[in-house]
Structures are given as structure tokens and as C-alpha cells.
Amino acid sequence: MTSDERALLQRRLELVNLLEGEGAVTLPAVRQALLDVPRHRFMPPETRHQAYDNCALPIGLGQTISQPYMVAVMTELLRPAPDQTILEIGTGSGYQAAVLSRLCRTVYTVERIPELTRRAEDVFRELGYGNIRTRVGDGTVGWTEFAPYDGIIVTAGAPAVPESLRHQLKDGGSLVVPVGDRTFQMLRRETRHGDSFRREEHGGCIFVKLVGREGWPEESE
């Protein structure tokens, strides 16, 4: 390991310790996943020096890599297990999918911007993350081919919870999604019980808009 690699690992450890101190990380498996995944590899060269700051950062094309605090919180709300399949809506940089891939059997992730998908696929390949399946398309309607899923996570702000995603969730599974207007959302977890869903809210957040048939229209960007 080079001195630069050691320095990055130390900064990653400091970030995870910070998240643990703030209560965002409570599960040992989530802590280890955050330590294992090199966030800087999912970022453009010009912002990699900020990779272990606890903030969202631009990745181009009007998108961002989520704040590590939010990645930790959403991952813990989902509570992925080694035998589960998870659907992610909004691949973006690929960082959230990479974290989930360390915790479950398979991650299926959908992104509407082809260039972001290609970038993420390259990093997954370089890091050897072979249990992530990618697709370019409208994430608001999910990915029916592999449904139902043990958990679904949406990494963009929705005006309402897409019904297609609810239908693709297993009984007992959880759907984690930011819901609100274009500038502010509440982080929501919905747990399926037969045909009903138990709803919980877990604080305010700000995400880029979820664009698609069951999200915001394209012209609202």
C-alpha cells in the first residue's frame, strides 16, 4: 500500500467514525461496508480530494454523489442481508450500489442517464464488484424482470412514492425514498404488509429530482 493509499484509508476511517458518532452508523456490517468501499473511486478527478468530506458533491450531468451521512442512514433503514436482492433507483456515481453490494446477494440498479451508467460499470468492474446488475431506463417504473425485491432504495427526490415500486416489493420488505417537492424532501421508509404499507419518516433531506413517468416530468429539471 502506498502512502497516498494509506492516507485515503485513514480519511475513510475518520469519516466512518464521524458517522458512527452522529448515529448514522449503528450496524457493524454497514460500518464495514463503508470502510471497504473507496468513495473516491466514484468521483471525478477534480473533486476526489473531497471524497471523505461529509457532503454531497457534483459528479457532472446535473447529478451528485450523495452525502456519506445519507448513504449510511438509507442503508441502515433498508437493513440489507446477505441472502437478499435489492433494487436501487438512481445509480448516479455508483457509490450507494457499491455499499449495498457488500451487504446483500445482488443489487439491481437503474439509471436514466447512459453516461453515468457506463462510468459506474467501469468502476464496478475495476473493483471486482460482480454482484451489481445495471440497466439504463426509467427507474420510476422499477425493473420488473427480477421482482419482487427484498428492499428498494430510491436515491432521488420523488413527488410521491411510485406505485410501480410498491408493487415490486416483497411482503415484509422495505422501500426507502425521499418524498417532497423539488427543493426539500422527507426521507420515508415504507414496509409492506400484504397489500398495506406501514409508513415512517426519518428527517429532512435534499436530493436531485426523480425524473420519469411516476416521478417529476423531464421539463421540471
message: Quick check: at a probe of 1.4 Å, how many percent of the accessible area of the chain sits on carbon and sulfur atoms?
response: 50 percent
message: Given points 7 Å out from each Cα along the Cα-Cβ axis, report the GLN10 to ALA160 separation in nanometres with one decimal.
response: 5.3 nm
- prompt: Once amide H atoms are placed 1.01 Å from N in the peptide plane, what residues at a sequence separation of 5 or more from ALA158, or on another chain, have their amide H within under 5 Å of its amide H?
  reply: VAL179, GLY180, LEU210
- prompt: Considering every Cα-Cα pair within region 150-221, what fraction, in whole percent, is farther apart than 15 Å?
  reply: 49 percent
query: Hey, if we sort HIS40, HIS193, HIS167 by accessible area with the 1.4 Å probe, largest down, what's the order?
result: HIS167, HIS193, HIS40
query: Relative contact order for the chain using alpha-carbon pairs under 8 Å, separation at least 6, rounded to a whole percent?
result: 14 percent
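So what is the calculated 222 nm ellipticity per residue for the chain, using -39500 (n - 2.57) for each DSSP H run with n of 4 or more, over all residues, to the nearest 500 deg cm²/dmol?
Numbers: 6 runs with 65 residues, N = 221.
Dividing the helical sum by the residues of the chain leaves -9000 deg cm²/dmol.
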message: Using a probe radius of 1.4 Å on heavy atoms only, what accessible surface per residue do you get for the chain? Whole Å² is fine.
response: 45 Å²
query: Under the Kirkwood approximation for Rh and a Cα-based Rg, what ratio Rg/Rh is obtained for region 12-65?
result: 1.00
field: Residues whose placed amide H lies under 5 Å from that of ILE153, excluding near-sequence neighbours
entry: LEU87, GLU88, ILE89, VAL176
message: Let me see the P(r) profile for the chain: every Cα-Cα distance counted, bins of 10 Å, each bin given as a percent of all pairs.
response: 8, 36, 40, 14, 2, 0
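Taking the inverse of the average 1/r across all pairs of different Cα atoms in region 4-98, what Kirkwood radius in Å do you get?
Answer for region 4-98: a Kirkwood hydrodynamic radius of 13.7 Å.
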query: Taking every DSSP beta bridge that has both residues in the chain, what percent is antiparallel when rounded to the nearest 5?
result: 45 percent
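The values are calculated or read from the model by the stated rules, or taken from the named source; none is laboratory data. These numbers come from a predicted model, not from an experiment. Ideal geometry is used to build each Cβ from the backbone, glycine not excepted, and the neighbour counts take in all protein chains shown. SASA here: full protein model, heavy atoms, side chains in, ligands and nucleic acids out. Shrake-Rupley method; radii C 1.70, N 1.55, O 1.52, S 1.80 Å.
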